[in-house]
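The values are calculated or read from the model by the stated rules, or taken from the named source; none is laboratory data. Quantities reported herein were computed from a predicted structural model and do not represent experimental measurements. Note that we place each Cβ from the backbone using ideal geometry, even for glycine, and neighbour counts take in every protein chain shown.
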Amino acid sequence: MNISDNFKLLLDDLSNISKSLRAFHLLQEKEFQDSSIRAHLDDRNNNFETDLSSFIVSALSHTRRRITLNRIFTNHPTQPQLLTDPKDIDDAVINHFQNFVPIKSTPPVSVDTLPARWFTAYQPMDDVSSSIYDSLMNPLPLTNGYSPFLLLLTVKPLVLP
């Protein structure tokens with residue numbers, strides 16, 4: 001066996017080792033991803049039972065954004081103050097937004113007062129009969145296979161991973 005054959009065997013061995021390591025890495029990454037998903041689902045299920053607001057935030061993938069203030073300067077004409085106590089800061093912020101920040105928008109009184117863009121979106125469709133809504137308020141009969149669905153409405157939902 002000459003040197004070039006040995007070198008070729010070495011390259012083949014290194015190539016096989018590299019492929020094996022790559023496959024092992026992908027497997028480990030997939031296992032980590034699966035365990036992360038399971039942990040997240042477990043947290044979500046626990047939140048459903050213990051903290052419904054956290055469950056809703058998690059289900060909607062909504063992150064809460066918050067600004068944390070560590071001091072507030074109140075520019076009062078006779079008593080300017082620098083607040084540094086967290087409780088005083090919270091009270092001042094709540095007071096500010098409850099009393100000094102005006103609410104600029106009011107909900108529309110009716111569909112007619114909506115902007116044109118939304119007015120057309122909320123108009124009844126010409127090609128849909130309004131009679132399709134007539135039976136919506138009728139109670140469901142307990143026959144014809146509806147009873148299993150009514151049972152589902154009374155049982156706590158099960159969230160599966």
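I need the full set of residues from the range 1-46 which are loosely packed, with under 10 Cβ neighbours inside 10 Å and either touching a Leu at 6+ places or on another chain (Cβ under 7 Å) or assigned to a helix (DSSP H, G or I) (or both), in order please.
Residues of the range 1-46 that are loosely packed, with under 10 Cβ neighbours inside 10 Å, as a first pass: 1-5.
Within the range 1-46, I3, S4, D5 meet the criteria.
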Being touching a Phe, Trp or Tyr at 6+ places or on another chain (Cβ under 9 Å) and either surrounded by fewer than 10 Cβ atoms within 10 Å (Cβ to Cβ) or free of Cβ contacts under 8 Å to residues at least 24 places away in the same chain (or both): is that true of A59 here?
yes
Matching residues, the range 85-111, being surrounded by 11 or more Cβ atoms within 10 Å (Cβ to Cβ) and of a type in the set (S, T, N, Q)
N95
Given (1) surrounded by 10 or more Cβ atoms within 10 Å (Cβ to Cβ); (2) more than 36 Å from the chain's Cα centre (by Cα); (3) assigned by TED's automatic domain parsing to the domain that holds F100; (4) hydroxyl-bearing (S, T, Y), identify the lone condition not met by T78.
(1)
